[in-house]
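What follows is a short report on a single structure.
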Amino acid sequence: MVNTSDFIKRLEHLLQYYGLSASSFADKINVQRSSISHLLSGRNKPSLDFVLKVVNVFPDVNLYWLLNGKGSFPSDAEKSTTNTVTAPKPKPTPEEPSIKSMPKSKKEIEKIIIFYSDGSFEAYNN
């Protein structure tokens, strides 16, 4: 569960970092200004929709940092991707047939998970 008082501190940090007032922040993420006021006062808890809007509008905001304070803000994802060198994919050896040459089997995909650089993810079940 999200600790609401800690979430409010992180939200205030985010507003200060971007130099936004509560009303301009609400306009930017397309929520009612009163919802920001109610969050900051502790009256309401953040909804999933609210959290996802923040993460989508501000790519530097790490989902895990916003929700539970783990990780960093601003996100180090962009820094780490620019400094890394990707190794070329190895060609399949004769023992490892490529996917194209594999015979069709009765295996079915059970779940696909897509991880995004901002720390969020989507899971799709069959």
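Computed from the coordinates by the stated procedures, all read-outs in this text should not be read as laboratory data. These numbers come from a predicted model, not from an experiment. Quick reminder, even Gly has a Cβ in these numbers, built from the backbone with ideal geometry, and neighbours come from all protein chains shown.
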Open item on the list: Against the 2.2 N^0.38 Å scaling, with N counting residues, where does the range 1-40 land? I'd like the Cα-based Rg ratio to two decimal places.
Closed with: 1.11
Task: Restraint check, K70/K111; K9/K53; K9/K45; K45/K111, Cα-Cα greater than 24 Å - done: K70/K111; K45/K111
Open item on the list: Please rank R10, R33, R43, fewest neighbouring Cβ atoms within 10 Å first, as an exposure proxy.
Closed with: R43, R33, R10
Task: Overall dimensions of the range 4-77 by Cα: Rg and Dmax, Å - done: 11.1, 33
Task: Cβ-defined net charge surrounding L20, 10 Å radius [Lys, Arg +1; Asp, Glu -1] - done: 0
Task: Net charge of Cβ neighbours under 12 Å - reference L52; Lys, Arg +1; Asp, Glu -1 - done: -2
TODO: Would you mind counting up the charge near G69? Only other residues with Cβ under 9 Å from its Cβ, with Lys and Arg at +1 and Asp and Glu at -1.
DONE: +2
